[in-house]
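So the structure is just underneath, and the comments pick up after that.
Rule-based calculations on the coordinates, nothing more; no lab input. What you are looking at is a predicted structure, and each value in this text was computed from that prediction instead of being measured. Reconstructed Cβ throughout: ideal geometry from the backbone, glycine too, with neighbour counts over all protein chains shown.
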Amino acid sequence: MIGGRKIAALCISRVNDDASHETIISLGSALSKINCSLFVYCTSTDLYWDSPGAKGDSAVFRLADPEVLDALIIFSERIRNVPSVSELEKRAVQRGIPVISIGSSEGCDYCCHDVEFDYEAGFENVVRHVIEVHKPCTVHFMAGIKDNDFSEKRLAVFRRIIGETDIPFGDEDISYGQFWSLPAMEATEKLIKENRLPDAIICANDIMAIAVCNVLKNHGIKCPEEIIVTGFDGVLEIDFSVPKITSCRCCYSDIADKCAELIQNLWEGREMPRKNYILPKLLLSESCGCDFSEKVNTSEYLSRINNNFFRFREEDRILAEITARMQTCRTVEEAAKVLHSYVIYDMCCILTLECIDESINPLTSPEKESYGETMCLFYNADRPEDPPRKFSVRDIIPDLETQLRVGYPLVFAALSFLDVQLGYVCFHFHDNDIANYTKVPQTVNALNNAIGGFRNIRWQQHLGRQLEDMYRIDSLTGLNNRRGFAREYKRLLSGKKENDRFTVVLSDLDGLKQINDRFGHGEGDRSIRIAAEALRKACPDNAIFVRFGGDEMLAVIPEAVSEENIRKAAKEFLDSVNSSSDKPYKVSSSLGIYVTEKGDSLDFEELFKKSDALMYADKKRKKEAESKNDK
């Protein structure tokens, strides 16, 4: 529950599909009547095949948090990969959350309530109508795929009903149209060629029925006058076919209503049946001679399709521009501004912290069981001016409670590139137009490529900088080597103004030979690192540093700095290290500090000689002081 509203999660694929869209909209409406909001977790495919990207696509189900859910609905007919949702089902059942399966939950290890179409009963109504009302003398069955469960069950229904009649029927009266147009057309052509056309062809689905009618029409055979044709499923295409196909429509709005009814009853503690069947609706139309179907405004529908097509094409162009521009960006902030400049409405985009870390190889990001507690809010259409910021995944999306009050389903999809998690997007539409849902996979795919490509390029740039550092940085101290320092000093001189003064600090480690001889070169290296850090700590942030080799290190500061302050800071750092160390020696360094005067040559060799002389003077003073103390 969030903000006083219960939350139901729907796991589904292909939200741009008519059946998925009808389910989402109807379910959202039915649940809103019982003070429940709908979160939709969608994938671009049904995950049936182990295709590239499937793992990253299914990561969206990890977002569904049973701690805030009050019901879980799995569209099993659209999510074919049981393991992808099994962990979510398990956690929901453990918390006592009702789990509903749209379609059979066979193969699921956890207790679900199934809501599914009674396909056999619906198909029986089609067959009985043809046999009992139109009384054909010969009948042919256009099956789907041989040994396919749906096809075999419909064939069994057909055989049973034909067995109740005197109509002759054998295996030769069955063709396999593979549930698709071309095989169904080829099977019909064969029947015509062999002069075996029956009085009726009953098809296992609508797509094959439309194909059969097209072949008959091409041969001048009239339907239904000379031959009856029927389909099944009630797909949208039958409303525009000639003739319109008699079929049986599977209404997902009925499924949605039944799910909402089940959920409410389970919340109230009522015992409900595990299996719940919805009878598909018989649609009598022209292809059997019973034109009782509703008329469709074809011109209005085609106009909407045309508008949606041009909208899709324009959005595809914009998304391609986003993809190209984002991959030229150097920072996360720049990449976010690309999205902001186009303003993709009704969407927010949230990325993992690994995704925005350029130092992590994008192809070897660790696979995680869940998204991290903290993520990055990369884009928010409601506040496009906001830069990327840290975001708690428990907040789900910005201003969640406001979106819940709006009342439309929230649609979540995973972002991934080459099966590596990038984050997720949430679409919070403000209407039920299917055109919005059509753009979900289109937008997600573009973002996957844009962000994935941006991340790969940043990684390459990071590797390039690391390679450059290998040539520029001394590995022991982290200071510039001579090559790197020469470039930095040249840059410093190019920005110098006429009266600017420089401070040069030369540091030389005291007693390096004795440390190496007595304690080993490892301890000598440690001492060099400490002396380098002392120099770094003693100088301001605008200084540039170099290790000349051995134990000599130098800093150039583009301003006049107090010699006393530098010596004091270096000594305090070294004293702190020595006092906390259990080493049998102390680290100290001698400093030569030279501050330039107006008119001084800034030739580096000249400055080095002057600071070098001062450093040896410092070293000499130390030795004299030590000798005096020994006496």
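What's the magnitude of the charge dipole for segment 576-631 around its Cα centre, counting Lys and Arg as +1 and Asp and Glu as -1 at the beta-carbon? Answer in Debye, nearest 20. The partial results should precede the final answer.
Working: 12 positive and 11 negative charges, 85 e Å.
Dipole magnitude for segment 576-631 comes out near 400 debye.
I need the shape label for segment 119-250. Rule: rounded when a/c is under 1.5, else prolate if a/b > b/c, else oblate, with a, b, c from the alpha carbon gyration tensor. If you can, show how the numbers build up before the last one.
Numbers: a/c = 1.25, a/b = 1.11, b/c = 1.13.
Since a/c stays below 1.5, the shape of segment 119-250 is classed as rounded.
Ordered by packing density, taken as the mean number of other Cβ atoms within 10 Å over each peptide's residues, highest first, how do 200-209, 96-105 rank? Intermediate values should be presented prior to the final figure.
Details: 200-209: 27.7, 96-105: 20.9.
Final packing ranking: 200-209, 96-105.
Over the Cα atoms of the chain, compute the convex hull volume and normalise it per residue, giving Å³.
Values: hull volume 149.3 nm³, N = 631.
Hull volume normalised by residue count: 237 Å³.
For each pair in LYS586/LYS628; LYS55/LYS281; LYS190/LYS295; LYS497/LYS622; LYS497/LYS610; LYS153/LYS275, compute the distance between the two Cα atoms and list the pairs where it is over 30 Å.
Violating the 30 Å Cα-Cα cut-off are LYS55/LYS281; LYS190/LYS295; LYS497/LYS622.
Stretch ASP171-LYS90 to full length: gain in nm at 0.36 nm per residue minus the Cα-Cα span?
Values: separation 81, 0.36 × 81 = 29.16 nm, distance 4.52 nm.
Result for the pair: 24.6 nm of gain on full extension.
Rank PRO387, TYR345, ASN306 by how far each Cα sits towards the positive end of the charge dipole of segment 303-463 (+1 on Lys, Arg Cβ; -1 on Asp, Glu Cβ) and give me just the farthest.
Of the options given, the answer is ASN306.
Treating only the Cβ of Lys, Arg, Asp and Glu as charged (+1, +1, -1, -1), what charge dipole size does segment 482-630 show about its Cα centre? Round to the nearest 20 debye. All intermediate terms of the calculation are to be shown ahead of the outcome.
On the way: 29 positive and 28 negative charges, 46 e Å.
With Lys and Arg at +1 and Asp and Glu at -1, about 220 debye.
Do the alpha carbons of any pairs in LYS90/LYS337; LYS571/LYS598; LYS337/LYS490; LYS537/LYS620; LYS598/LYS619 sit beyond 32 Å of each other, and which pairs? Each step should come with its number before you reach the end.
Values: LYS90/LYS337 41 Å; LYS571/LYS598 29 Å; LYS337/LYS490 34 Å; LYS537/LYS620 24 Å; LYS598/LYS619 28 Å.
Beyond 32 Å between Cα atoms: LYS90/LYS337; LYS337/LYS490.
Among LEU155, VAL15, SER562, which residue has its Cα furthest toward the positive end of the charge dipole of the chain, with +1 on Lys/Arg Cβ and -1 on Asp/Glu Cβ?
SER562
Can you give the extra length, in nm with one decimal, that the chain gains between SER579 and ARG80 once fully stretched, where that is 0.36 nm per residue apart less the Cα-Cα distance? Could the numbers behind the result be given before it?
Numbers: separation 499, 0.36 × 499 = 179.64 nm, distance 6.64 nm.
In short, 173.0 nm is gained.
Run through the DSSP bridge list for the chain and note the antiparallel percent, rounded to the nearest 5. Spell out each step's value before the answer.
Details: 44 of 83 bridges.
Here the antiparallel bridges make up roughly 55 percent for the chain.
Each label point is 7 Å from the Cα along the Cα-to-Cβ direction; what then is the distance between the points at VAL242 and LEU602, in nm?
8.5 nm
When the helices in the chain are scored as -39500 (n - 2.57) per DSSP H run of 4 or longer and the sum is shared across all residues, what 222 nm value do you end up with, to the nearest 500 deg cm²/dmol?
Working: 17 runs with 269 residues, N = 631.
After summing the helix terms and dividing by the residues of the chain, the value is -14000 deg cm²/dmol.
Describe numerically, in nm with one decimal, the distance between label points set 7 Å from Cα along Cα→Cβ at VAL406 and at ASP433.
Here the modelled spin labels are 1.4 nm apart.
Report the Cα centroid-to-centroid distance between segment 224-281 and segment 315-362 in angstrom, as an integer.
Here the two parts' Cα centres lie 41 Å apart.
Using a 10 Å cut-off around each Cβ, can you sort MET375, MET326 from fewest to most neighbouring Cβ atoms?
On the way: MET375 21, MET326 24.
Fewest-to-most Cβ neighbours within 10 Å comes out as MET375, MET326.
Which Cα, out of SER287, GLY407, HIS462, lies furthest along the positive dipole direction of the chain (beta carbon charges, K/R +1, D/E -1)?
Positive-most Cα among the choices belongs to HIS462.
If the only charges are +1 at each Lys and Arg Cβ and -1 at each Asp and Glu Cβ, what is the size of the charge dipole of the chain around the Cα centre, to the nearest 20 debye? All intermediate terms of the calculation are to be shown ahead of the outcome.
Details: 79 positive and 100 negative charges, 569 e Å.
Result for the chain is approximately 2740 debye, rounded to the nearest 20.
If neighbour count is taken as other Cβ atoms inside 10 Å, put SER37, SER253, SER247 in order from fewest to most. Numbers along the way, then the final one.
Values: SER37 24, SER253 15, SER247 31.
Ordered from fewest to most neighbouring Cβ atoms within 10 Å, SER37, SER253, SER247 come out as SER253, SER37, SER247.
Can you pull the one-decimal nm distance between simple spin-label points at ARG196 and ILE318, each 7 Å off the Cα toward Cβ?
So the two model labels end up 5.5 nm from each other.
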